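Below is one structure, written out as structure tokens; comments come after it.
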Ligand code: PEP
């Protein structure tokens with residue numbers, strides 16, 4: 001049985017002061033309430049310690065938006081998995097389309113980061129997804145297959161429980177446009193079949209596949225109800241405590 005994961009990606013928003021206020025608000029909304037799934041917030045690095053502190057007595061987990069492949073050394077500007085562990089972070093987002101686009105991250109480099117994170121017990125959320133022109137050319141499966149298989153080829157299926165994929169069609173990120181529930185389900189089922197082919201069907205059943213791309217309270221229910229959608233990676237709507245909490249409540253009602 002896969003637990004839903006409702007994850008917020010704050011991107012380069014919410015410095016320490018704002019992040020603390022926002023995380024406190026989220027913790028307060030859920031204080032004393034039960035959440036049977038997993039809730040996760042990934043703030044910018046500098047805000048992480050403050051968010052960790054705000055969530056100290058809550059079920060909210062924290063994650064980073066990137067990590068490097070080395071343990072320490074002369075890598076100016078980078079941070080390591082051990083640093084994230086020291087902060088008690090559980091997750092890291094890897095291969096986000098913004099990193100692929102603006103920082104020229106390749107599938108190979110992303111695969112190395114996924115491997116490193118898994119061996120150091122930080123759960124990676126691997127983002128995959130096609131651009132608009134690729135969707136228009138009906139190449140979405142080809143694109144996603146290449147992005148995913150590069151990683152699956154380098155990672156052992158024993159990590160299936162800790163490995164998370166986020167299907168994020170680039171044309172739906174921050175645009176207000178979402179994949180239809182049918183488009184999402186079709187791609188999620190395809191991703192699961194790729195995992196079954198590379199690893200095994202047992203492993204594929206364990207991997208959580210999140211949908212990302214303009215998820216908000218108004219469309220969360222139809223997306224999260226899809227059989228192979230195991231949660232959401234949420235950008236814009238995670239920057240407001242009430243909308244993120246509303247999506248969490250929808251996940252709670254859906255159950256699964
Ligand atoms: C994201 O950044 O991963 C994302 C899905 O953003 P948004 O929800 O704003 O589209």
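Worth a mention:
- Simple label model, 7 Å out from Cα along Cβ direction - residue 182 to residue 70, nm: 5.1 nm
- Footprinting exposure proxy ranking of 167, 68, 211, 102, fewest other C-beta atoms within 10 angstrom first, gives 102, 68, 167, 211.
- Shape class of the range 204-256 from the alpha-carbon gyration tensor: prolate, with a/c at 1.5 or above and a/b greater than b/c.
- Mean projected area of the convex hull spanned by the Cα atoms of the chain, taken over all viewing directions: 12.5 nm².
- Projection of the Cα convex hull of the range 1-115, averaged over all directions and equal to a quarter of that hull's surface, yields 8.2 nm².
- Sites residue 142 and residue 242, calculated FRET efficiency, Cβ-Cβ separation with R0 25 Å, nearest 0.05: 0.05
- Taking the empirical scaling 2.2 N^0.38 Å for compact globular proteins as reference, the range 75-195 has a Cα radius of gyration ratio of 1.08.
- For the range 144-226, the share of alpha carbon pairs falling in successive 10 Å distance bins from zero is 18, 49, 27, 6 percent.
- According to the Kirkwood relation over distinct C-alpha pairs, the hydrodynamic radius of the range 85-144 is 12.7 Å.
- MRE, 222 nm, helices only [DSSP H, n ≥ 4, -39500 (n - 2.57), over the chain, to nearest 500]: -13000 deg cm²/dmol
- Between residue 17 and residue 196, the modelled label-to-label distance comes to 5.3 nm, taking each label 7 Å out from Cα in the direction of the beta carbon.
- When 178, 17 are arranged by Cβ crowding within 10 Å, least crowded first, meaning fewest neighbours, the order is 17, 178.
Every number here is computed from the coordinates shown, using simple stated rules; none is lab data. Quick caveat, the model's predicted, so the values are computed rather than measured. Here the Cβ is made from the backbone with ideal geometry for all residues, glycine too, and neighbour counts use every protein chain on show.
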